[in-house]
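Comments concern the structure below.
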Amino acid sequence: TALYGVRLSHAVSDDLTVNANVGYNDVDHLMDNFSMRTEPDSPARFRQNRAQGDGTVFSLSAEVGLDRYRLTAGLDGRTATHDSVISNPNSAMFRINNFNDVSRDVFGGFLVLEHNADQAAWEVGVRYTDVRADAGEVSVAGMMGMMAANAGILADAFNAADRDLSFGNVEAVFKYTQSVSDELKIRLDLGSKTR
């Protein structure tokens, strides 16, 4: 796994701060059921899974302070790709291509307004997120009997489904805090989230 990232924050003025973040990851992972465990009792039960993926992440936001108000606005996103193949080192015919050209891209924007007074504070925020996901066809080979039939049914059903998806999520939040006394605060939080 390789991870890279940079975070920056710059106070443009006493009332304006800009924050930025960018990152990248690259993963190539091999796991099995025999090298660090008791080997299976049959060569046909050996399995190894090679999972690969990469992705990027970024965010850019600005905070503006005006008297007792603070406004934060920003954009962010994440992209990811995945592949995973299960094989048997004792059988070149055995292969389960169970994640094939999988991608997921998430991009969003948000706006938050906060107000702080002596006895009360409130916050209201909204976020929109656009999600796009896609996957290539999966496949199985080198199995026998009912296992082959059942795995084939699952692969065919997945391949026949709509694998190119996109949808938008809207989130909203409202928070209010009132100080009644030094010992008592009343707080109300309301939120709505879609996924």
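The values are calculated or read from the model by the stated rules, or taken from the named source; none is laboratory data. All values derive from a computational prediction rather than experimental measurement. No Cβ is skipped: glycine too gets one built from the backbone with ideal geometry, and neighbour counts run over all protein chains shown. Please note that ligands, DNA and RNA were not included when accessible areas were found on the heavy atoms of the full protein model with its side chains. Shrake-Rupley method; radii C 1.70, N 1.55, O 1.52, S 1.80 Å.
Could the peptides 179-188, 18-27 be put in order, highest first, of the mean number of other beta-carbon atoms found within 10 Å of their residues?
Per-residue mean Cβ counts within 10 Å order the peptides as 18-27, 179-188.
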- Message: Quick check: the angle from helix 145-160's long axis to the longest principal axis of the chain, C-alpha only, nearest 10 degrees?
- Response: 40 degrees
- Given Cβ charges of +1 for Lys and Arg and -1 for Asp and Glu, the option among Ser181, Ile96, Leu3 whose Cα lies farthest towards the positive end of the dipole of the chain is Ile96
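Would you work out what percent of the accessible area of segment 34-113, with all protein chains in place, is carbon or sulfur (probe 1.4 Å)?
On the way: 2880 of 5120 Å².
Using a 1.4 Å probe with all protein chains present, segment 34-113 comes out at 56 percent carbon and sulfur.
Taking 8 Å as the Cα distance limit and 6 or more residues as the minimum spacing, I'd like the relative contact order of the chain as a percentage.
Details: 459 pairs, mean separation 27.5, N = 195.
With pairs under 8 Å counted, the relative contact order is 14 percent.
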- With point charges of +1 on the Cβ of Lys and Arg and -1 on the Cβ of Asp and Glu, referenced to the Cα centre of segment 97-150, which listed residue (Gly142, Gly108, Thr129) lies farthest in the positive direction of the dipole? Gly142
- Message: Under the rule of at least 5 residues apart or a separate chain, name every residue whose amide H is placed under 5 Å from the amide H of Val138.
- Response: Asn159
- Whole-Hz couplings from phi, Karplus 6.51/-1.76/1.60, listed for segment 131-136; x for Gly and Pro: 10, 10, 9, 8, 8, x
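Out of all Cα-Cα pairs in segment 7-68, roughly what percent, to the nearest whole number, are more than 17 Å apart? Don't skip to the answer; put the middle values down first.
On the way: 1245 of 1891 pairs.
Counting every Cα pair in segment 7-68, those more than 17 Å apart make up 66 percent.
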- If one computes the Cα centroid of segment 68-142 and of segment 164-195, what distance in Å separates the two points? 22 Å
